[in-house]
1. Evaluate region 72-89: report whether one residue or more is among the small types (G, A, S) and either at pLDDT 80 or above or outside the structural domain of V170 (by TED's automatic domain parsing) (or both).
2. Among the residues of region 196-233 satisfying the criterion of being among the acidic types (D, E) and in contact with a strand residue (DSSP E or B) (Cβ under 8 Å, 6 or more places away or on another chain), which is nearest to R248 (Cα to Cα)?
3. Condition test on A324, is it at pLDDT 80 or above and assigned to a helix (DSSP H, G or I)?
4. Here are E191, E183, E140: which of them is part of a helix (DSSP H, G or I), among the charged types (D, E, K, R) and at pLDDT below 85?
5. Select, from F260, F222, the only residue that is more than 30 Å from R346 (Cα to Cα), loosely packed, with under 12 Cβ neighbours inside 10 Å and not aliphatic (A, V, I, L, M).
6. Condition first: exposed (fewer than 14 other Cβ atoms within 10 Å of the Cβ), under 30 Å from N253 (Cα atoms) and modelled with pLDDT under 80. Can you find one or more residues in region 303-315 that meet it?
7. Being in contact (Cβ under 8 Å) with a residue 12 or more places away in the chain and under 30 Å from the mean Cα position of the chain (by Cα), is that true of even one residue in region 302-312?
8. Counting just the residues of region 448-492 that are of a type in the set (D, E) and without any contact (Cβ under 8 Å) to a residue 60 or more places away in the chain, which one comes out nearest to K353 (Cα to Cα)?
Amino acid sequence: MSQRSLPLSPRKALAFVNGFRAIMLLVLLFMSLLQGSEGQRLVDGGGHFNLWAVVYGCLIASWFALRDGKIAHTLQLSLAIVADILMIVWLMGMNGGVKSGYGMLLLPYLAVAGLLSSGRFALFYASIATASLFGYVGYEHVRSHMLFGSTNDLFQTGLLSLAGFVTSVVTYQLARVARESEELASRRGGEIANLNRLNELVLQSQRDAVIVLDETGTVRQFNAQAVRYFPSMQRGILLPELSPIVERWRINNHSPMPVFVERNVRGRQLGGRMVPILAGDLRGVVMFLRDMADMAEEAKRIKLAALGRLTANIAHEIRNPLAAISHAGDLLAEGAEDPATQRLTRIVRDNAKRINGLVEEVLMLGRRDRVKTETIKLSQFLADFLDQFGMAQPDAAGRILTIFHSTDSIYFDRGHLGQILSNLVGNAWRHSSRVHGAVCIEINHIETQVLIRVMDDGPGMSEDAQLHLFEPFFTTESTGTGLGLYIARELAEANDARLDYIPPGGVFCLSCHLAYE
């Protein structure tokens with residue numbers, strides 16, 4: 001008998017059986033004090049009944065002694081039920097045998113036993129009761145020297161045994177139905193729990209703020225993004241910012257059509273859809289809301305990404321004709337003798353070189369997704385980088401300061417980090433006073449982020465220029481391509497980092513993930 005098959009645990013079933021035993025014993029003790037109309041006690045047996053009551057009381061008390069013992073509770077339960085059957089047969093014998101009617105007490109015991117065992121041993125307990133009854137009748141017949149005994153006693157014993165089996169069969173069927181219902185309810189409960197977990201997972205994965213409201217405007221469900229817009233969000237409350245929308249929907253007879261909604265919430269302009277829920281008697285709405293500023297920023301980024309792909313394709317097509325122009329310019333320069341021709345060929349070579357630089361930058365933008373992240377020790381990397389930068393810019397050699405408030409490592413693509421710093425340090429050097437310490441690289445560590453700040457002593461960017469600073473082809477120099485900072489930010493984001501300009505002054509901050517060594 002497994003615990004899983006029981007409506008109650010074996011321990012609780014034993015407690016239930018002992019409670020039933022105690023009630024039965026108290027009732028019988030009370031009846032033993034009463035007398036019938038003929039002066040006979042309702043429960044007879046004299047001293048035998050007192051012995052029976054003591055034994056039955058000991059059985060009840062034994063549960064308290066054995067409940068925490070080494071005997072399994074399932075075995076204790078089976079032994080208790082068998083003991084109860086034998087005790088009822090003994091009580092029946094003390095009060096005149098089968099005709100006394102006390103044998104009927106077996107039926108509730110068999111019913112309780114069958115239910116507690118989920119019907120698995122119901123017929124077994126009925127067989128024990130039948131064997132005990134016929135055993136008692138046979139013993140009485142032998143003791144009275146009767147070969148066949150009273151036909152009436154045998155008939156009543158047979159009826160009582162049949163009633164016991166019927167009770168057991170009915171109990172078995174009821175227990176089976178109860179067990180199947182319990183398993184079905186458990187299975188359905190598990191499915192509902194899984195659906196709830198799936199719904200919660202889908203809800204929390206939405207980028208939009210999702211809020212489920214009933215027809216009174218009360219919040220029923222929401223995701224984490226909704227808390228960003230409504231800090232006091234919790235289930236069961238009314239949102240005054242959204243209540244007017246739900247009220248209009250209710251006035252319009254619960255229109256089933258989705259509608260666009262727009263609300264100003266704590267200085268944020270939120271926009272999105274309101275989708276009605278109409279299922280049976282259920283009336284409610286689901287709102288999908290986003291910050292309009294975030295939507296505009298996302299649209300801008302999508303447009304810039306498409307522009308980047310387009311320019312990368314164009315740059316690839318320009319590369320071959322540009323190489324031919326550069327080669328032709330070099331050939332013309334070799335045969336040019338007069339100053340005018342030399343000047344024209346120099347213009348061709350310089351502009352071809354500039355266009356080639358633009359093409360290389362655009363092609364690098366197209367390769368930004370090829371990220372090979374590794375652990376980079378910043379102290380060693382910056383030392384190597386400044387050596388290479390000093391060779392490319394001899395006047396900057398030894399004049400750029402590095403300040404380490406942290407010597408941590410970061411996760412980054414080595415080539416991408418070099419390209420970003422080359423752009424930032426190159427811009428800083430061009431706009432600085434070019435004295436020692438005019439450009440500074442500072443390393444800080446804040447929680448899980450490593451901050452690389454590139455600073456110069458230049459005048460900084462104007463407010464108008466800051467608005468377009470990271471847009472492609474925006475430049476404040478006649479010789480610039482306008483792609484340097486745009487590519488630097490794209491490479492940073494490809495490495496799950498962030499590049500920002502910090503006014504006032506010329507300060508760029510690259511936020512990278514800390515590498516745990």
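The values are calculated or read from the model by the stated rules, or taken from the named source; none is laboratory data. If you're wondering where the values come from, they're calculated on a predicted model, not measured in any experiment. We place every Cβ from the backbone using ideal geometry, glycine too, and count neighbours over all the protein chains shown.
1. yes
2. Across region 196-233, the extreme among qualifying residues is E215.
3. Here the answer is yes, as A324 does meet what is asked.
4. E140
5. F260
6. no
7. No - not one qualifying residue is present in region 302-312.
8. Among those that are of a type in the set (D, E) and without any contact (Cβ under 8 Å) to a residue 60 or more places away in the chain, it is E477.
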